[in-house]
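What follows is calculated from the coordinates using simple rules that are stated; it is not laboratory data. The structure displayed is predicted, hence computed values, not measured ones.
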Ligand code: ADE
């Protein structure tokens, strides 16, 4: 079982992954477990102050070092009971944005501690003392690390064995090395003909042909076309087959005309 501890002022936000969908089922099946630690619970004074004004002045507040330190230590001790020495991941926009390879690497860890900041950030001494890796989920600023931690946990959990009912789904995702780094092809389901405001909207005929080789080829070509149209920079890192290079030429030609 993978063990994830989260240090957060808003533990209830994590109900979003604990109470719904595949992450919930995997939690019920003990594929992973989640334990939240609220730094506020480690503050003795009546006001339960977890933040303070920044030294040097300026707007906003900074999360105080000691409550965070206590919460992280509690999380470490819990993991230690299971003989895990966890990495501490700090969610922060001040990092390189997360990639598929990072998710795969992190999901191989037996236990992790996620540190979620609020306000303008956390006292840098906590980062120096505890943090092994900073992770951003993209070049935009969230109001706290919680949503980012949930993004990382969701992405990791769905890779764990037995979590997706179809074993092939996780490897066939877009970006997965198993898909050779292309975006996903389009998907269709019944009905074959969908009445959209009086217009007949149909499914590509090849998908109804029963010819699995032709279907695989069509999907591959569509994946290539989507990738070229939407994320052409992804193609630079790939080794394409002769067939794929021919398709790519056709796709570029048809785009020009
Ligand atoms: N905290 C605030 N913004 C963030 C981001 N983009 N990624 C990770 N953590 C964050």
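Some values worked out for this structure:
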{"read-out": "Rg/Rh (Cα only; Kirkwood hydrodynamic radius) as it applies to the chain", "value": "1.08"}
{"read-out": "Gyration tensor (alpha-carbon) shape descriptor, region 179-235, a/c threshold 1.5", "value": "oblate"}
{"read-out": "Degrees separating the helix 146-157 axis from the principal Cα axis of the chain, which is the longest one", "value": "50 degrees"}
{"read-out": "GNM flexibility winner over the chain from 14, 55, 82 (Cα, springs under 10 Å)", "value": "55"}
{"read-out": "Fraction of antiparallel bridges per DSSP, region 1-78 only, in percent to nearest 5", "value": "25 percent"}
{"read-out": "Two-decimal log10 I(q)/I(0) for region 34-137, as the Debye equation yields it once each C-alpha is a single scatterer, q = 0.13, 0.19, 0.22 Å⁻¹", "value": "-0.51, -1.02, -1.25"}
{"read-out": "Choice from 35, 217, 99 with maximal GNM fluctuation in the chain (Cα, 10 Å cutoff)", "value": "217"}
{"read-out": "Most fluctuating residue given options 34, 235, 98, as computed from a GNM of the chain linking Cα atoms under 10 Å", "value": "235"}
{"read-out": "Where only C-alpha atoms are counted, convex hull volume of region 207-257 per residue in Å³", "value": "88 Å³"}
{"read-out": "Rounded to 10°, Cα long-axis angle of helix 212-230 versus longest principal axis of the chain", "value": "60 degrees"}
{"read-out": "Principal-axis tilt of helix 65-80 within the chain, Cα atoms, nearest 10 degrees", "value": "70 degrees"}
{"read-out": "Radius of gyration and Dmax over the Cα atoms of region 17-92, both given in Å", "value": "16.3, 49"}
